[in-house]
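In what follows, a structure is listed as structure tokens, so that the remarks can point back to it.
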Amino acid sequence: MAIRTILHYPDPRLREKARPVERITPDLLKLIDDMAETMYAAPGVGLAATQIGEPHRVFLIDIAGEDEPSDLKVFINPEITSRDGTQTWEEGCLSFPGVTEEIKRAERVTVRALDRDGKPFELEADGLLAVAVQHENDHLDGVLMVDHVGPLKKRLMARKVQKHGATRRASN
Ligand code: NI
């Protein structure tokens, strides 16, 4: 397993539309292991393959709290089949370090996907899990948090990411 580099906005690779996975191969399982290690190290509650420059339709979510056992969910070729209601969460994204923003999304979703064994499953999610599913699924279509806010907030977010990067470089 290896910790991979997470791409930061505005890296153009974050805009790539990910391709469906055709077969569960050893390479794909290795990618999933790397993604899990990278997500936990960050730490983050979700990571899409596109965020590490691998345009495959795969994302991981683990919303378990710090004092709870880990609950890693793997979604391969996910498809959101229903959306219902609205909710607003203060979201963060590993590709936007130092930024949080209130974003309105569906309150409940149903998602179909394959697990890491290639077995199909369906999940009904609400609250934070529903937010995470929608956020990560967006990544696979090259859609980012900035696409859910107005132009002024978009500029502010871009500036914050830039500033965060500059501070980090200065301290290394
Ligand atoms: Ni994200």
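The values are calculated or read from the model by the stated rules, or taken from the named source; none is laboratory data. Remember, predicted model here, so these are calculated numbers, not experimental data. In this analysis, Cβ positions are derived from the backbone assuming ideal geometry, glycine residues included, and neighbour counts consider all displayed protein chains. Areas reflect the complete protein model, heavy atoms only, side chains present, ligands, DNA and RNA absent. Shrake-Rupley method; radii C 1.70, N 1.55, O 1.52, S 1.80 Å.
Residues in the stretch 123-152 that are away from the ligand (no atom under 16 Å from the Cβ) and either in contact (Cβ under 8 Å) with a residue 24 or more places away in the chain or within 20 Å of the chain's Cα centre (by Cα) (or both): Leu123, Glu124, Ala125, Asp126, Gly127.
For the stretch 35-72, give me each residue that is out of contact with any Leu (no Cβ under 8 Å at 6 or more places or on another chain) and either among the aromatic types (Phe, Trp, Tyr) or within 11 Å of the ligand (Cβ to nearest atom) (or both).
Tyr40
The set of residues in the stretch 112-131 that are within 14 Å of Ile63 (Cβ to Cβ) and among the aliphatic types (A, V, I, L, M) comprises Leu123, Ala125, Leu128, Leu129, Ala130, Val131.
Condition first: within 12 Å of the ligand (Cβ to nearest atom), closer than 25 Å to Lys17 by Cβ and either among the β-branched types (Val, Ile, Thr) or part of a helix (DSSP H, G or I) (or both). Can you find one or more residues in the stretch 99-122 that meet it? Looking for residues that are within 12 Å of the ligand (Cβ to nearest atom), closer than 25 Å to Lys17 by Cβ and either among the β-branched types (Val, Ile, Thr) or part of a helix (DSSP H, G or I) (or both), one finds at least one in the stretch 99-122, hence yes. Quick one: in the stretch 73-94, which of the residues that are part of a loop (DSSP other than H, G, I, E, B) and either more than 24 Å from Arg116 (Cα to Cα) or more than 12 Å from the chain's Cα centre (by Cα) (or both) is farthest from the ligand (Cβ to nearest atom)? Across the stretch 73-94, the extreme among qualifying residues is Gly85.
All conditions in (1) farther than 23 Å from His56 by Cα; (2) out of contact with any helix residue (DSSP H, G or I) (no Cβ under 9 Å at 6 or more places or on another chain); (3) within 16 Å of the ligand (Cβ to nearest atom) hold for Gln162, with the sole exception of (3).
Please work out which residue is surrounded by the fewest Cβ atoms within 10 Å (Cβ to Cβ), limiting yourself to the stretch 20-32 and to residues that are over 15 Å from the mean Cα position of the chain (by Cα) and in a helix (DSSP H, G or I). Top of the filtered list is Pro26. Mind checking which residues of the stretch 125-163 are open to solvent by 20 Å² or more (accessible area, probe 1.4 Å), part of a helix (DSSP H, G or I) and modelled with pLDDT under 95? Passing the criteria: Pro151, Leu152, Lys153, Lys154, Arg155, Leu156, Ala158, Arg159, Lys160, Gln162, Lys163. For the stretch 5-19, the condition of being touching a residue at least 60 places away in the same chain (Cβ under 8 Å) and hydroxyl-bearing (Ser, Thr, Tyr) holds for at least one residue.
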